[in-house]
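Enquirer: Mind looking over this structure? Questions follow.
The values are calculated or read from the model by the stated rules, or taken from the named source; none is laboratory data. This one's a predicted model, so the numbers in the text were calculated from it and none came from an experiment. So basically every Cβ, Gly included, is an ideal-geometry build from the backbone, and we count neighbours across all protein chains shown.
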């Protein structure tokens with residue numbers, strides 16, 4: 001598989017999230033994002049994420065999240081997650097709402113990279129201007 005054209009982004013310090021798990025995948029993704037945005041009072045400054053990983057019993061688990069500092073209405077049903085510091089490979093998907101299938105295609109490519117962290121997860125970082133940065137953490141240097 002060709003990995004040319006992938007970029008690397010460094011997360012300098014861990015990011016603490018509050019997340020809502022989608023009831024189903026992929027059908028429940030929009031509802032999970034709507035729930036997390038409500039917990040942030042639809043704050044335009046909030047930074048939103050999507051986290052997914054396989055589970056032997058449930059298939060794909062998907063969580064919509066926001067940086068916890070933007071959560072204005074905490075709920076018992078939220079899940080705390082941490083995006084660890086480190087280097088991540090990524091590809092941006094422009095106009096993601098019109099290119100939802102491309103997000104899955106990008107992650108299919110990224111998950112085949114030989115240097116991804118086996119303990120990692122697929123990370124969507126929703127940037128301004130309708131960009132979804134699709135990321136996966138690389139193995140820490142001391143684990144090679």
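Enquirer: Go through the range 97-117 residue by residue and tally those that are assigned to a helix (DSSP H, G or I), over 13 Å from residue 2 (Cα atoms) and either at pLDDT 95 or above or touching a strand residue (DSSP E or B) at 6+ places or on another chain (Cβ under 7 Å) (or both). Quick ask: steps written out before the conclusion?
Expert: At the first step, the residues of the range 97-117 found to be assigned to a helix (DSSP H, G or I) are 97-98, 100-110.
In the following step, the residues that additionally are over 13 Å from residue 2 (Cα atoms) were identified as 97-98, 100-105, 107.
Keeping just the survivors that are either at pLDDT 95 or above or touching a strand residue (DSSP E or B) at 6+ places or on another chain (Cβ under 7 Å) (or both) gives 102-103, 107.
Adding up the residues that qualify gives 3.
Enquirer: Anything in the range 13-36 that is closer than 21 Å to residue 110 by Cβ and surrounded by fewer than 16 Cβ atoms within 10 Å (Cβ to Cβ)? List them, or say none.
Expert: 14, 26
Enquirer: Still on this structure: If you scan the range 91-116, which residues turn out to be crowded, with 18+ Cβ neighbours inside 10 Å and under 26 Å from residue 69 (Cβ atoms)?
Expert: The answer is 93, 96, 103.
Enquirer: Can I ask one more? Which ranges mark the strands (runs of 3 or more DSSP E) fully within the range 27-96 that have 2 or more residues being free of Cβ contacts under 8 Å to residues at least 24 places away in the same chain and either over 22 Å from residue 136 (Cα atoms) or in contact with a strand residue (DSSP E or B) (Cβ under 8 Å, 6 or more places away or on another chain) (or both)?
Expert: On the way: elements: 48-55, 59-67, 79-83, 86-94.
Result: 48-55.
Enquirer: Can you name the residue in the range 121-144 that is free of Cβ contacts under 8 Å to residues at least 40 places away in the same chain, under 16 Å from the mean Cα position of the chain (by Cα) and in a loop (DSSP other than H, G, I, E, B) and is also surrounded by the most Cβ atoms within 10 Å (Cβ to Cβ) among such residues?
Expert: Here is the first cut: in the range 121-144, the ones free of Cβ contacts under 8 Å to residues at least 40 places away in the same chain are 127-131, 139, 141-144.
Still in the list and also under 16 Å from the mean Cα position of the chain (by Cα): 127-128, 130-131.
Of the ones still in play, those that are also in a loop (DSSP other than H, G, I, E, B) are 128, 130.
Details: 128: 7, 130: 13.
That would be 130.
Enquirer: Same structure, new question: Just give me the residues in the range 118-130 being at pLDDT 95 or above and over 18 Å from residue 63 (Cβ atoms), in sequence order.
Expert: Of everything in the range 118-130, nothing turns out to be at pLDDT 95 or above and over 18 Å from residue 63 (Cβ atoms).
Enquirer: Looking at the range 6-15, can you tell me whether even one residue there is touching a helix residue (DSSP H, G or I) at 6+ places or on another chain (Cβ under 8 Å), modelled with pLDDT under 95 and either more than 14 Å from residue 124 (Cα to Cα) or in a helix (DSSP H, G or I) (or both)?
Expert: First, the residues of the range 6-15 that are touching a helix residue (DSSP H, G or I) at 6+ places or on another chain (Cβ under 8 Å): 6.
Now narrow it down to the ones that are modelled with pLDDT under 95: 6.
Add one more test, that the residue is either more than 14 Å from residue 124 (Cα to Cα) or in a helix (DSSP H, G or I) (or both), and what stays is 6.
Looking through the range 6-15, at least one residue is touching a helix residue (DSSP H, G or I) at 6+ places or on another chain (Cβ under 8 Å), modelled with pLDDT under 95 and either more than 14 Å from residue 124 (Cα to Cα) or in a helix (DSSP H, G or I) (or both).
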